[in-house]
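**Student:** There's a structure below that I have some questions on.
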Ligand code: NOJ
């Protein structure tokens, strides 16, 4: 199976090195840069750069006296008299001064203040790909809530001879205006008459109109790359010719922008103009499996979400560039001289290869507002299976049935709870997915039953490449039905290469193919699987080894005749979706699937989790994990995490231990490693590492009620689960670039130890005016304050914000499955002014009955010496609610720990269901001597109750 490549030139390296590197490499080296395009090798980007250069060099129009008219020399102007309001859409015809191809530019007003701008030819020569919205937007984009025409007021003025239109929008929720200039065409979004986002104020708006194909001689070498483009040995034949577009989007009054995953870069995005340590290449959005990717590098990784947030002390705003073709984003910072002060501006330039220009401007201004706006487009992450929040143990590969069961047993023996054990590609019969290698796994069902009996689940990998083998049912059916992606002439299957060698790829754009593929997960198709088996979709960028950049060529054909260039960034999501739908329909009543995908796009959050791909057992990669997971959360992909320990290489025990301590605070917590690394289950490292890793895993399990409640919140609001510090402390500009310390929900601040030098101090900034409590010692810090700590390997710096109530479950179990009837402990961290509040959400953790009210959601409030538990406003007294609360009627609160009380009450009076009782308070068994513990108050978790402290 291994192909050795004794030599590697740039060209022939592509054939040999890709696969040999993947198969042979044991230790991460450096990314093989020559196998990936430089930005100079991306023709459409080059053309837009040249266009932008011309604009910058051109004489600006002389409008010095007006700040309303952009000074950039854009050649695009509005055709006189074309601007008109049609319902909730302002329509204009815009054209380039010399090309004179009329473009229809629509400015669409949504009820929540979002403005959508779409542009394409009025009469395109060929239809442009416009289905990205169908795959990404809630209800395929058919039910967006538009502004009522009555709330829109359109008028225009002439400023310095230029017509300037203003549409003012006022309703009960929002008031804002959009200003559009005619010459050149530009758009400014204003909030309270202050510009916040500008389009085309630099003049980079440019749309390459579709055009007739010139004669072959005229195309010639085509150095502009409009009709063909060669990279290494591959020629991209562009049957449709150029169809790219780009535009500058500028954030006025902002210094920091975030998001546009996935890149291994800083949280606050660096510039791409080399200024002040910026990169010299743009952020590229083009889902790739960059083998041995490096850090601090805008090279594109496995997923793409073209969502960018900008934040300053007054507002958080966002832009969503809805396009799944190759997209590049340049970022520059600028100071504009303002009336009183210089104004900070982040200028961004977005360029996409194909499709329709479709961009959403979201005004915030609060973080909650921004996510309300964004989620009204893409939908929030649904509630996951509860087990998925536990500890996942993975390796490429657990070798056989005995290995799996031994690892499981060892976890028990060493008292390490875990929920899921994973099988990588080697469990299959020769990489024919949906099969088993029975020589290694003689009885998969018995194995799953044993695991299930012990409270565990199994995840198996299913990659999207289908081995080309006429004796393989899946390939045969796919082939006979024409379900595979086609070659560039649309005449036969697109043949490529991956783990099983010759392979084909399912075309998920074809609804029938997607349904068929989903059905392969059904129990009658995927033999020897049980309801305790879940799925991992890997290599779904898709990876096609030996091809340019190890992915499918841009000109291969999908359903409907669309080229791969139009839909590449959707592919992983559509594979994930098809799996999700198959898993959803494999049993009745439906249960929530759990599927991990490597590739993703906006919308993937609906189908499961993702991870950050192949990292390395190195401190730098551990440090990079948090900004990457935060960027995903900012972009709406909440359920994400990094391979704990690092995929390539062998972590030293200190690194692995620290990584467990960090990984438990990321939403998805899975240890994973490359096939040529040493085994690294925690017990293999001996003491003190084993005990410390075990303690970290316990901590994850203790906090599952808090995590699950956060997922519930995210499923309703879309607000990130793990949050950069600025999201919780939006006024504190010192925190705008903080990327090591982060918040888990709004209550917990994690300041991880990220350095190999264990004696190196960690600086912690305690923000706001609040008390912060060390989660373990309960030592308190009155913010704002900075402190420096040196922590030994067993210690971690985790703080709870005063004013929080955190629910936990503290019994140590084998897995979350055995915790369902466990009692709760409530930690009440009292604020400076003597109050606290928190939430708890529980349901059965697996079904959809919560949609009918089968959940318990409590709000806890502490004020004036009284702690109360009341139902959340979303609680409904449905039959399903009653059934579920009956099931939970024995689940009690076994302890309440009051942290930071100023007085020392001696008695707690508990009133529950009109019955009153008293309990004396325990100060003996507390952590700092000042905590007051209510031992076994025994209220039922679903009941209303109150406790008065005297
Ligand atoms: C690549 C994935 O990123 C990695 O996690 C996995 O172990 C290998 N493929 C083998 O399946």
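**Student:** Out of 586, 606, 598, 623, I need the residue that is more than 14 Å from the ligand (Cβ to nearest atom) and within 30 Å of residue 682 (Cα to Cα). Which one?
**Tutor:** Selected residue: 623, the only one of 586, 606, 598, 623 that is more than 14 Å from the ligand (Cβ to nearest atom) and within 30 Å of residue 682 (Cα to Cα).
**Student:** What residue, among those in region 576-606 that are in contact with a helix residue (DSSP H, G or I) (Cβ under 6 Å, 6 or more places away or on another chain) and assigned to a strand (DSSP E or B), is nearest to residue 419 (Cα to Cα)?
**Tutor:** Top of the filtered list is 595.
Here is a yes/no grid of residues against (1) within 16 Å of the ligand (Cβ to nearest atom); (2) out of contact with any helix residue (DSSP H, G or I) (no Cβ under 9 Å at 6 or more places or on another chain):
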| residue | (1), (2) |
| --- | --- |
| 518 | no, no |
| 535 | yes, no |
| 538 | yes, no |
| 553 | no, no |
| 560 | no, yes |
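**Student:** If you go through region 418-427 one residue at a time, how many are more than 16 Å from the ligand (Cβ to nearest atom) and surrounded by fewer than 22 Cβ atoms within 10 Å (Cβ to Cβ)?
**Tutor:** 0
**Student:** Go over the candidates 507, 463 one by one and state the one that is within 16 Å of the ligand (Cβ to nearest atom) and either at pLDDT below 95 or under 22 Å from residue 543 (Cα atoms) (or both).
**Tutor:** Within the list 507, 463, the selection yields 463.
**Student:** A further question follows. Have a look at 87, 113 and point out the one that is touching a strand residue (DSSP E or B) at 6+ places or on another chain (Cβ under 8 Å) and surrounded by fewer than 16 Cβ atoms within 10 Å (Cβ to Cβ).
**Tutor:** Just one listed residue meets the conditions, 87.
**Student:** While we're looking at this one, here's another question. Checking residue 679 against (1) within 16 Å of the ligand (Cβ to nearest atom); (2) surrounded by fewer than 20 Cβ atoms within 10 Å (Cβ to Cβ); (3) closer than 29 Å to residue 841 by Cβ, which single condition isn't satisfied?
**Tutor:** Condition not satisfied by residue 679: (3).
**Student:** Sticking with this one: Give the residues of region 656-673 that are touching a helix residue (DSSP H, G or I) at 6+ places or on another chain (Cβ under 8 Å), within 14 Å of the ligand (Cβ to nearest atom) and part of a loop (DSSP other than H, G, I, E, B), sorted by residue number.
**Tutor:** 668 - this is the single residue of region 656-673 that is touching a helix residue (DSSP H, G or I) at 6+ places or on another chain (Cβ under 8 Å), within 14 Å of the ligand (Cβ to nearest atom) and part of a loop (DSSP other than H, G, I, E, B).
**Student:** Failed condition for residue 566, given (1) buried (at least 23 other Cβ atoms within 10 Å of the Cβ); (2) in contact (Cβ under 8 Å) with a residue 60 or more places away in the chain; (3) in contact with a helix residue (DSSP H, G or I) (Cβ under 8 Å, 6 or more places away or on another chain), with all others met?
**Tutor:** (3)
**Student:** From the list 82, 74, 67, 62, which one is at pLDDT 80 or above and more than 23 Å from residue 351 (Cα to Cα)?
**Tutor:** That would be 82, the only listed residue that is at pLDDT 80 or above and more than 23 Å from residue 351 (Cα to Cα).
**Student:** Mind counting the residues in region 468-485 that are touching a helix residue (DSSP H, G or I) at 6+ places or on another chain (Cβ under 9 Å) and at negative phi?
**Tutor:** Total satisfying the criteria: 10.
**Student:** To continue, here is another question. Among 585, 544, which is over 22 Å from residue 455 (Cα atoms) and surrounded by fewer than 24 Cβ atoms within 10 Å (Cβ to Cβ)?
**Tutor:** 585
**Student:** Only one residue in 875, 906 is surrounded by fewer than 18 Cβ atoms within 10 Å (Cβ to Cβ), in contact with a strand residue (DSSP E or B) (Cβ under 7 Å, 6 or more places away or on another chain) and without any contact (Cβ under 8 Å) to a residue 24 or more places away in the chain, so which one is that?
**Tutor:** Testing whether each residue is surrounded by fewer than 18 Cβ atoms within 10 Å (Cβ to Cβ), in contact with a strand residue (DSSP E or B) (Cβ under 7 Å, 6 or more places away or on another chain) and without any contact (Cβ under 8 Å) to a residue 24 or more places away in the chain leaves just 875.
Listed here are the residues, each with its yes/no results for (1) in a helix (DSSP H, G or I); (2) out of contact with any helix residue (DSSP H, G or I) (no Cβ under 6 Å at 6 or more places or on another chain); (3) within 16 Å of the ligand (Cβ to nearest atom); (4) at negative phi.
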position	(1), (2), (3), (4)
361	no, yes, no, yes
373	yes, yes, no, yes
377	yes, yes, no, yes
382	no, no, no, yes
398	no, no, yes, yes
411	yes, yes, no, yes
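**Student:** If you take the residues of region 634-655 that are more than 16 Å from the ligand (Cβ to nearest atom) and surrounded by fewer than 24 Cβ atoms within 10 Å (Cβ to Cβ), which of them is nearest to residue 317 (Cα to Cα)?
**Tutor:** Checked region 634-655; the qualifying residue nearest to residue 317 (Cα to Cα) is 655.
**Student:** Name the residues in region 142-160 that are without any contact (Cβ under 8 Å) to a residue 60 or more places away in the chain and either out of contact with any strand residue (DSSP E or B) (no Cβ under 7 Å at 6 or more places or on another chain) or in a loop (DSSP other than H, G, I, E, B) (or both), would you?
**Tutor:** Answer for region 142-160, where residues must be without any contact (Cβ under 8 Å) to a residue 60 or more places away in the chain and either out of contact with any strand residue (DSSP E or B) (no Cβ under 7 Å at 6 or more places or on another chain) or in a loop (DSSP other than H, G, I, E, B) (or both): 142, 143, 147, 150, 158.
**Student:** Could I ask something else about it? Only residues that are assigned to a loop (DSSP other than H, G, I, E, B) and in contact (Cβ under 8 Å) with a residue 60 or more places away in the chain: list them for region 822-843, please.
**Tutor:** Correct list: 822, 823, 830, 831, 832, 834.
**Student:** Same structure, new question: Condition first: in contact with a helix residue (DSSP H, G or I) (Cβ under 6 Å, 6 or more places away or on another chain) and more than 15 Å from residue 403 (Cβ to Cβ). Now tell me which residues in region 674-698 satisfy that.
**Tutor:** 682, 685, 689, 690, 692, 693, 696 - these are the residues of region 674-698 that are in contact with a helix residue (DSSP H, G or I) (Cβ under 6 Å, 6 or more places away or on another chain) and more than 15 Å from residue 403 (Cβ to Cβ).
The values are calculated or read from the model by the stated rules, or taken from the named source; none is laboratory data. The structure displayed is predicted, hence computed values, not measured ones. Cβ: placed from backbone, ideal geometry, glycine included. Neighbour counts: every protein chain shown.
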